[in-house]
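Below: one structure, written as structure tokens.
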Amino acid sequence: MRRGPWWSKVDADATSVLGVADEEIEKLSKEARAELAAIWQERGASELKVAGGFSAVSAQLIEHGAASAVLELVTRAVRDEVRHAEIAVDMAARYRGDDVLWPPPAPFPVPALAPADAKLRATLLVIAMCCINETLACGILEGQLSQATSPLTRAALQSVLADEIDHARAGWAHIVSPFVTAEMKTEISANWLPRLLNARLKDLVDEDAPFPGEKYPEHGILTRTQRKQIVATALDAVVFPGWERAGIDPSRARAWATESFPHKS
């Protein structure tokens with residue numbers, strides 16, 4: 001059964017997102033609303049790229065093997081991420097106070113991950129997309145929710161978080177399945193984890209400039225420092241123990257994190 005509009009949880013009487021009541025948005029200046037609209041519009045484009053990434057992961061797993069439950073989750077994730085893009089551009093429209101603007105076409109580069117063979121590459125893509133990206137996204141969304149007071153922002157973040165949990169689960173289920181051999185796990189442990197983490201987090205750890213919108217915590221915007229702390233904690237508490245339980249040695253990944261987040265405590 002098709003879900004109702006995500007924003008109906010905030011205002012069941014509204015006929016479009018533009019009519020949803022939200023005092024936190026209404027009291028913003030024109031400039032602040034424009035800044036937050038731009039952030040959400042960019043998120044919409046990013047979510048579509050994630051949808052493209054999951055379509056590539058789905059194709060790789062169909063070709064090289066995965067459990068049916070994993071395939072169900074990653075193929076559903078393609079549609080989920082398109083819905084996340086819809087939520088983001090809805091939010092942008094509400095902040096602007098005008099029509100929804102759908103993101104233009106854009107490429108979604110899928111890393112070649114050389115010199116991995118095709119089967120290992122499929123699993124590396126799952127680890128990057130699910131065990132890293134989506135697991136860390138859950139922590140970031142929870143951090144955003146912890147400070148957001150805008151009802152519409154909270155509804156948007158909650159809608160996305162509910163899906164991201166399943167997307168992360170797909171990665172953890174795959175790496176404990178028979179489709180990921182002991183030999184593959186040895187290769188991943190020895191040569192790939194820092195590379196995958198660096199690809200995902202380099203921009204976060206190498207820059208110190210404030211993120212756009214940091215002065216609006218009530219609208220769910222985290223500072224760079226907050227994001228670094230959330231990511232470092234999630235790596236230590238969730239990602240590294242998860243790899244260890246799956247038989248993938250996280251030692252090199254831990255060393256990368258120690259160097260990259262030297263002041264995490």
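Contact map, region 56-69: residues that are without any contact (Cβ under 8 Å) to a residue 24 or more places away in the chain and closer than 18 Å to ALA112 by Cα paired with residues that are hydroxyl-bearing (Ser, Thr, Tyr) and open to solvent by 20 Å² or more (accessible area, probe 1.4 Å), Cβ distance under 8 Å, separation 6+ or inter-chain. Pairs shown: SER58/THR75.
Is one or more of the residues making up region 199-220 more than 28 Å from ALA156 (Cα to Cα) and of a type in the set (A, V, I, L, M, F, W, C)? No: region 199-220 contains no residue that is more than 28 Å from ALA156 (Cα to Cα) and of a type in the set (A, V, I, L, M, F, W, C).
Every residue, every condition in (1) touching a Ser or Thr at 6+ places or on another chain (Cβ under 9 Å); (2) acidic (Asp, Glu); (3) in contact (Cβ under 8 Å) with a residue 24 or more places away in the chain, yes or no:
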| site | (1), (2), (3) |
| --- | --- |
| GLU214 | yes, yes, no |
| HIS219 | yes, no, yes |
| LEU222 | no, no, yes |
| ILE230 | no, no, yes |
| THR233 | no, no, yes |
| VAL239 | yes, no, yes |
| ALA255 | no, no, yes |
| GLU259 | no, yes, no |
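The test for being in a helix (DSSP H, G or I), of a type in the set (Gly, Ala, Ser) and open to solvent by less than 40 Å² (accessible area, probe 1.4 Å) does not hold for ALA34.
When the criteria are applied in full, GLU207 fails the requirement of being over 30 Å from GLY4 (Cβ atoms), open to solvent by 10 Å² or more (accessible area, probe 1.4 Å), among the acidic types (Asp, Glu) and at pLDDT 95 or above.
Quick check: anything in region 190-199 touching an Asp or Glu at 6+ places or on another chain (Cβ under 9 Å), exposed (fewer than 15 other Cβ atoms within 10 Å of the Cβ), closer than 30 Å to ALA38 by Cα and touching a residue at least 12 places away in the same chain (Cβ under 8 Å)?
Scanning region 190-199 turns up no residue that is touching an Asp or Glu at 6+ places or on another chain (Cβ under 9 Å), exposed (fewer than 15 other Cβ atoms within 10 Å of the Cβ), closer than 30 Å to ALA38 by Cα and touching a residue at least 12 places away in the same chain (Cβ under 8 Å).
The residues in region 11-27 that are surrounded by fewer than 19 Cβ atoms within 10 Å (Cβ to Cβ), among the aliphatic types (A, V, I, L, M) and outside any helix (DSSP H, G or I) can be counted, and the count is 3.
The criterion of at least 3 residues that are over 13 Å from the mean Cα position of the chain (by Cα), of a type outside the set (A, V, I, L, M) and surrounded by 15 or more Cβ atoms within 10 Å (Cβ to Cβ) is met, among helices (runs of 4 or more DSSP H) falling completely within region 64-183, by 68-96, 118-126, 151-175.
The set of residues in region 148-172 that are in contact with a helix residue (DSSP H, G or I) (Cβ under 7 Å, 6 or more places away or on another chain), more than 14 Å from LEU36 (Cβ to Cβ) and among the hydrophobic types (A, V, I, L, M, F, W, C) comprises ALA155, VAL160, LEU161, ILE165, ALA168, ALA170, TRP172. Tallying residues that are in a helix (DSSP H, G or I) and either free of Cβ contacts under 8 Å to residues at least 24 places away in the same chain or more than 25 Å from the chain's Cα centre (by Cα) (or both) within region 1-10 yields 1.
The values are calculated or read from the model by the stated rules, or taken from the named source; none is laboratory data. This structure is a prediction, so every number in the text was calculated from the model and none was measured. All Cβ positions, glycine included, derive from the backbone under ideal geometry; neighbour counts span all protein chains shown. Heads up: the accessible areas ignore ligands, DNA and RNA and are worked out on the full protein's heavy atoms, side chains in. Shrake-Rupley method; radii C 1.70, N 1.55, O 1.52, S 1.80 Å.
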